[in-house]
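Right, one structure below, let's go through it.
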Amino acid sequence: GSVSSAPKLITTHTKMADEVTVQKARFSDRVRIRSILGRPDGGAGLAGQKVRISGWVKTGREQGKGAFAFLEVNDGSCPANLQVMVDASVSDLSKLVATGTCVTVDGCLKIPPEGKGTKQKVELSVVEVIDVGTVDTATYPIPKTKLTLERLREFPHLRSRTNSISAIARIRHALAIATHTFFDEEGFLYIQTPIITTSDCEGAGEMFQVTTLISHTEKLERDLIENPPPTEADVEAARLIVKARGEAVAHLKSAKASKETITASVAELNEAKASLSRTEERSKLKPGLPKLDGKIDYTQDFFGRQAFLTVSGQLQVETYACGLSDVYTFGPTFRAENSHTSRHLAEFWMVEPELAFADLEDDMNCAEAYVRYMCKWLLEKRYDDMELMAKNFDKGCIDRLKLVASTPFGRLTYTKAIELLEEAVGKGKEFVNPVEWGIDLASEHERYLTEVVFQKPLIVYNYPKGIKAFYMRLNDDGKTVAAMDVLVPKVGELIGGSQREERIDVIMERIEEMGLPVEPYEWYLDLRRYGTAKHSGFGLGFERMVLFATGMDNIRDVIPFPRYPGRADL
């Protein structure tokens with residue numbers, strides 16, 4: 001970069017010339033706390049430097065009978081707080097010590113005196129208070145004492161100020177960057193698939209509908225109250241005017257009146273006809289949604305047909321895989337399930353790669369490499385946040401990441417998985433959901449296999465065709481499809497994928513077998529008609545990955561603004 005765009009450095013000449021400059025944020029005049037405390041020496045090597053820091057007070061206390069105050073300040077760049085010491089001669093301390101206060105201060109970094117019990121290698125001695133955003137302590141809902149995660153959900157606009165939610169935000173960010181980096185390094189293209197889809201396929205019961213009909217109808221109903229529609233008598237009166245004006249024109253023509261007179265009369269007739277047509281149109285307006293043959297008439301809707309929020313970008317991204325080879329999509333998906341579990345959201349994010357010229361084994365290899373890449377990335381880039389999660393929520397979360405990053409995943413067929421579960425039942429293990437070949441594995445089965453039997457991540461493959469989607473490739477046994485699920489400790493299924501059915505005759509048969517209409521899938525079948533290619537893909541629920549990494553129990557705490565039945569705040 002040119003000199004002008006290089007980040008500005010605050011430099012002081014000291015004997016230790018190496019690593020004694022602290023880097024400022026490029027688009028602000030402050031220094032991020034992470035660039036002080038995140039150094040290998042914990043910031044000690046920066047002692048003697050003047051810096052400006054900004055952030056929110058986590059805790060503050062006046063000491064020495066109000067002679068000075070200690071503030072723990074955090075700016076969200078890392079989990080650690082910077083200890084800041086302010087003298088009463090510099091500022092009114094009572095405005096600074098309340099939890100939640102925002103401060104910008106200039107000061108000098110110092111090594112704390114020995115034996116004060118502070119963990120920090122450096123503290124800031126304030127020279128000048130530049131800015132204060134005060135807090136009304138009586139009403140501020142986030143005290144320094146810990147609130148439960150449930151209680152925090154009531155303040156989605158403020159919960160990012162807490163240690164746990166801010167650590168989860170940084171971990172989530174790291175996983176997203178790891179995702180894009182992994183696929184970019186492997187030569188995949190990022191494709192943005194649509195959020196609004198018009199697939200008329202089954203499963204519409206659990207889709208959110210997108211429509212403007214309701215607001216249009218409400219507008220029309222208000223209009224009909226203010227300007228009631230014409231009655232039958234009004235329409236009849238308009239017809240009589242047209243008839244009278246028509247007779248007038250005929251009379252003028254037979255009397256051979258002047259051209260101007262006839263033209264004027266014809267204009268009046270046309271005006272009467274236009275007025276009649278408007279009156280007839282308005283008389284047909286009825287309150288309620290537009291209907292055709294007793295059903296809602298979606299041709300009147302915004303897209304001219306029924307539309308929904310997407311449940312997956314997979315089918316659309318396949319069209320690009322069949323032209324650009326390796327692609328992926330990463331975006332929001334929506335399910336209108338009335339589910340209140342700790343595992344379900346109505347809006348969540350999915351990562352969906354699609355690999356051209358790849359079979360089920362290639363698909364499994366890609367899924368495993370991707371998950372392990374994310375685990376390594378977190379251990380390298382966000383170890384401090386992972387330590388906070390281990391301390392506050394799940395002491396095993398770092399070991400779990402290390403295990404996944406270093407251990408090849410176990411692989412077994414669905415049939416073998418069922419045998420292992422049946423063996424366990426034979427030995428007295430009790431499951432809520434009965435075990436038999438043909439069932440869809442429940443979360444308790446998945447977790448038993450990965451946490452108890454194998455104690456590591458697993459890939460189960462070749463599932464019964466009856467429980468899987470029509471587009472999954474039929475195996476030679478005619479009973480199973482080339483599907484796979486990646487199961488991990490703590491969450492169970494993390495990834496679901498398959499080799500796609502590329503044979504046009506087989507996929508047509510599967511659509512028929514499942515009683516699905518062919519028409520909505522014609523475009524999908526075209527991919528098989530014209531230059532069909534073997535291809536595979538999978539979907540990873542991004543929030544499930546965050547749950548797995550952090551050890552959190554509730555999915556509502558790992559997405560910034562959770563949407564679930566009854567709640568869509570902000």
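Figures for the structure shown
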read-out	value
Formal net charge of residues neighbouring residue 539 (Cβ-Cβ distance under 14 Å; K, R +1; D, E -1)	-3
Residues of type lysines that residue 291 reaches as a straight line, Cα spacing below 30 Å, ignoring anything fewer than 8 places off in the same chain	219, 273
Net charge of Cβ neighbours under 13 Å - reference residue 406; Lys, Arg +1; Asp, Glu -1	+3
Magnitude of the charge dipole, the chain, Cβ model with Lys/Arg +1 and Asp/Glu -1, debye to 20	2160 debye
Taking N as its residue count, the alpha carbon Rg of segment 386-461 over 2.2 N^0.38 Å	1.28
Fraction in percent of alpha-carbon pairs per bin - 5 Å, segment 130-169	5, 20, 30, 23, 13, 7, 2, 0
Long pairs among 402/429; 395/468; 376/490; 479/534, criterion Cα-Cα beyond 27 Å	402/429; 395/468
20 Å Cα-Cα reach of residue 50 towards aspartates and glutamates, excluding residues that sit fewer than 8 places from it in its own chain	18, 19, 29, 41, 72, 75, 87, 106, 123, 128, 131
Residue-averaged 222 nm ellipticity for the chain, from DSSP H runs of 4+ at -39500 (n - 2.57), nearest 500	-10500 deg cm²/dmol
Highest average packing first - 325-334, 82-91, 268-277, 176-185, Cβ atoms within 10 Å	325-334, 82-91, 176-185, 268-277
Rounded accessible area of residue 172 (nearest 10 Å², 1.4 Å probe)	30 Å²
Percent breakdown of C-alpha pair distances by 5 Å bin, ordered from the shortest bin, for segment 457-570	2, 11, 17, 16, 14, 12, 12, 11, 6, 1, 0
At q = 0.12, 0.16, 0.26, 0.27 Å⁻¹, base-10 log of I(q)/I(0) for segment 212-277 (Debye sum, equal scatterers on each alpha carbon)	-0.49, -0.65, -1.02, -1.05
Environment charge at residue 155 (Cβ cut-off 10 Å; Lys +1, Arg +1, Asp -1, Glu -1)	+2
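The values are calculated or read from the model by the stated rules, or taken from the named source; none is laboratory data. Computed from a prediction, not measured in an experiment: that's the story for all the values here. So basically every Cβ, Gly included, is an ideal-geometry build from the backbone, and we count neighbours across all protein chains shown. Keep in mind that these areas ignore ligands, DNA and RNA; they rest on the heavy atoms of the full protein, side chains included. Shrake-Rupley method; radii C 1.70, N 1.55, O 1.52, S 1.80 Å.
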